[in-house]
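First comes the structure, then the notes that go with it.
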Amino acid sequence: MNIQSLGFSVNGFTAAGVVLTTILTTLPTPVQAITLVTQRTALNGNDSVEWSSLGKVFPAAVLPSSFDATSEVGLGLKVQIPPPTPGITPPLVFQTLPPPHGIPTNFAPGDFILFTGLNPAIFPSPGNPGSLTITFDTPVKGAGTQIAVDDTFSFTAFVTAFDANDTLLGSFSVPGTSSIELDNSAAFLGILSDKPNIKRVVYSTSESDRAFAINTLSLNTVPVPEPSSLAALALLGLGALTRACWVSFLNPTYKDDK
């Protein structure tokens, strides 16, 4: 190849590179999708946290303001609620049932409820307004729960999600109502991402002096391969490595192009 033809080739590659760069830079950038979920089934959950797992709940389990929990399939998480002011109880877990067996709410009968704490001697009861922060050991795709506010018929509930770098992923709100009807009418408030990047979710409400409660936390997580699957992959990799070693040893000039 002479100098002139080499120059044309270089110019051709340069022009092609410019065109390719232009195409790539003008293509739409993928948008990270994070959405509000208002129905538990729409979260497509494959894991959950039952607050009864934290200990004995009759009549109520008293919790510290910061505690660890574990999901049904073993995902670790930390729950944090601001420390209560004087006269307000610590966070509680109780079962919602008709009196005298439980405390009536508008969650489903039998649900185990995580409650931020209140002053039971006054009505309407002053309470710990939160917020309630849940941080996951491993990021998840989605999280959601039903929510209600103590001694408050109507309110607005909020959920905010952050990634592992503490970057805001999204924040949403829904109107909610509270009652003692045990009719499962408590609003569901969840957040769902297109990938497992939700490291932390924060729940709060519009009520500055009322406690609030949540029931089962549903999670959409990335399933971890079963140990048998991991073992199979390891054996497959070991088999390929062993084959390559034997071939190389027996025939040094052999090249495996597969």
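Numerical summary
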| item | result |
| --- | --- |
| Residue match in region 69-84 (condition: over 21 Å from the mean Cα position of the chain (by Cα), more than 16 Å from residue 133 (Cα to Cα) and in contact (Cβ under 8 Å) with a residue 12 or more places away in the chain) | no |
| Pairs where the first residue, in region 181-195, is under 19 Å from residue 134 (Cβ atoms) and of a type outside the set (A, V, I, L, M, F, W, C) and the second is at pLDDT 95 or above and in a loop (DSSP other than H, G, I, E, B), C-beta under 8 Å, 6+ apart | 190/38; 193/141; 195/141 |
| Hits in region 185-205 (condition: crowded, with 17+ Cβ neighbours inside 10 Å and over 12 Å from residue 146 (Cβ atoms)) | 191, 192, 193, 197, 198, 199, 200, 201, 202, 204, 205 |
| Boolean, residue 155 is buried (at least 17 other Cβ atoms within 10 Å of the Cβ), more than 17 Å from residue 141 (Cβ to Cβ) and touching a Lys or Arg at 6+ places or on another chain (Cβ under 9 Å) | yes |
| Test for residue 182: is it crowded, with 16+ Cβ neighbours inside 10 Å, modelled with pLDDT of 95 or more and either among the aliphatic types (A, V, I, L, M) or at positive phi (or both) | yes |
| Region 147-167 residues that are under 18 Å from residue 113 (Cα atoms), paired with ones that are acidic (Asp, Glu) and open to solvent by 30 Å² or more (accessible area, probe 1.4 Å) (beta carbon under 9 Å, 6 or more apart) | 149/207; 150/207; 152/207 |
| Subset tally (residues that are crowded, with 24+ Cβ neighbours inside 10 Å and over 20 Å from residue 66 (Cβ atoms)) for region 102-139 | 2 |
| Those residues of region 144-169 which are farther than 15 Å from residue 213 by Cα and either in contact with a Leu (Cβ under 8 Å, 6 or more places away or on another chain) or of a type in the set (D, E, K, R) (or both), in sequence order | 160, 161, 162, 163, 166 |
| Every pair of residues 6+ apart whose Cβ atoms lie under 8 Å, when the first sits in region 33-46 and is within 19 Å of residue 72 (Cβ to Cβ) while the second is of a type outside the set (Phe, Trp, Tyr) and open to solvent by 50 Å² or more (accessible area, probe 1.4 Å) | 46/73; 46/223 |
| Hits in region 74-87 - residues which are crowded, with 20+ Cβ neighbours inside 10 Å and touching a Gly at 6+ places or on another chain (Cβ under 9 Å) | 81 |
| Number of the condition not met by residue 226 [criteria: (1) among the acidic types (Asp, Glu); (2) at pLDDT below 95; (3) at positive phi] | (3) |
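The values are calculated or read from the model by the stated rules, or taken from the named source; none is laboratory data. These numbers come from a predicted model, not from an experiment. Reconstructed Cβ throughout: ideal geometry from the backbone, glycine too, with neighbour counts over all protein chains shown. Each accessible area value is taken on the protein alone, full model and side chains, heavy atoms only, with ligands, DNA and RNA left out. Shrake-Rupley method; radii C 1.70, N 1.55, O 1.52, S 1.80 Å.
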